[in-house]
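The values are calculated or read from the model by the stated rules, or taken from the named source; none is laboratory data. Not measured: the values here are computed from a predicted model. Glycine gets a Cβ as well: all are built from the backbone with ideal geometry, and neighbour counts include every protein chain shown. Surface areas here come from the heavy atoms of the whole protein model, side chains and all, with no ligands, DNA or RNA. Shrake-Rupley method; radii C 1.70, N 1.55, O 1.52, S 1.80 Å.
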Amino acid sequence: MRTYLLGAAVAAALAVGVPGSASAASAPAHEAAVQHLHGFAQLGLGSPALSPDYQITLRMDANGRGSDAHGHATIQHVFYDHGAWIGTVRVEVSVDCLTESDAGTDAGATTVVTGTAARISYTTPPGVPPLQQPPRDWHPEAAFSFYRDGDGHLRVGWSGKPESPTASPVATRCQAPHTGPDLYLAQGGFQLTGA
C-alpha cells in the first residue's frame, strides 16, 4: 500500500504532481491502482495565502478505481465585502472517476477526480436579493486535479459548471480539468491511498 499526502506540513510526501499546463490537462487518463482520496482544504486564488475577500474550501471523499469510482466532493466559494458575508456558491459532486493522468514528466502523475454536479446552490444573506438558482435537473460534469506545480506549490485544478445549462460542458469524465482555475492549497490537505 502507498500513501501520499498533499498539505503544507507534508509537502515532502507529495507523489502526485505536474504543472497544470494545457498539454498535461489534455493527456489521456489511465486507470491506476488508486483506491481512496480524502481530505479537506482551504484553497487560494493566485497564491497559497488566505484572503479576507473570499474562502474557497474543498472536501473530498472518493473511492474506487478509474470509472468504477464513487464518493462525494463539495467545493464552496464564500464571498466577503469588508468582512461581511455577501454570498456563497456551493457545488456538491457525485464522484464517477478516480484515476491518474500520465503527464509524461519526472514530476509524476496528476490525480484526477471527476463527477456530476448533484446540486448547485447560490445563497445570499438576509435582506440581499436572492440569486437565481440553477435548474434542479442540471447536472454538469465537474473535474478536479491534484498536483505540484513547477514552483513546488501544491495545486488543485477545478473545472466546474458551465456558464449556463445551454453552454458547452467544461469537464469530461476521467480527464483532468481543461478550464477553470488552478487553485493553491493554502491549509489542510488530502490523502491518497492505493494498492
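Side notes on the structure shown:
- Residues satisfying the stated conditions in segment 44-68, i.e. out of contact with any Gly (no Cβ under 9 Å at 6 or more places or on another chain), within 10 Å of residue 186 (Cβ to Cβ) and open to solvent by less than 50 Å² (accessible area, probe 1.4 Å): 44, 47
- Residue 187 vs. criteria modelled with pLDDT of 95 or more and surrounded by fewer than 16 Cβ atoms within 10 Å (Cβ to Cβ): yes
- Scanning segment 128-184 for residues that are more than 19 Å from residue 40 (Cβ to Cβ), assigned to a loop (DSSP other than H, G, I, E, B) and either under 14 Å from the mean Cα position of the chain (by Cα) or not aliphatic (A, V, I, L, M) (or both) yields a count of 34.
- Set side by side, the residues 105, 166 differ, and just one is out of contact with any strand residue (DSSP E or B) (no Cβ under 9 Å at 6 or more places or on another chain), modelled with pLDDT under 85 and open to solvent by 40 Å² or more (accessible area, probe 1.4 Å), which is 105.
- Where a residue in segment 132-148 is without any contact (Cβ under 8 Å) to a residue 40 or more places away in the chain and open to solvent by 90 Å² or more (accessible area, probe 1.4 Å) and its partner, wherever it lies, is not in a strand (DSSP E or B) and not polar (S, T, N, Q), with Cβ under 9 Å and at least six apart: 137/165
- Residue 180 open to solvent by 60 Å² or more (accessible area, probe 1.4 Å), among the small types (Gly, Ala, Ser), modelled with pLDDT under 95 and on the phi > 0 side of the Ramachandran plot: no
- Selection status of residue 93, in contact with a Leu (Cβ under 7 Å, 6 or more places away or on another chain), modelled with pLDDT of 95 or more and crowded, with 18+ Cβ neighbours inside 10 Å: no
- Among strands (runs of 3 or more DSSP E) entirely within segment 1-79, having at least 1 residues that are modelled with pLDDT under 80 singles out 2-7.
- Considering only residues in segment 108-127 that are of a type outside the set (Gly, Ala, Ser) and part of a loop (DSSP other than H, G, I, E, B), the one that is nearest to residue 179 (Cα to Cα) turns out to be 124.
- Which listed residue is among the β-branched types (Val, Ile, Thr) and either at pLDDT below 95 or open to solvent by less than 40 Å² (accessible area, probe 1.4 Å) (or both), from 116, 193: 193
- In the condition set (1) open to solvent by 30 Å² or more (accessible area, probe 1.4 Å); (2) more than 21 Å from residue 67 (Cβ to Cβ), residue 158 is compliant with all but (2).
- Test set (1) modelled with pLDDT of 90 or more; (2) of a type in the set (A, V, I, L, M); (3) open to solvent by less than 50 Å² (accessible area, probe 1.4 Å) - residue 86 fails condition number: (3)
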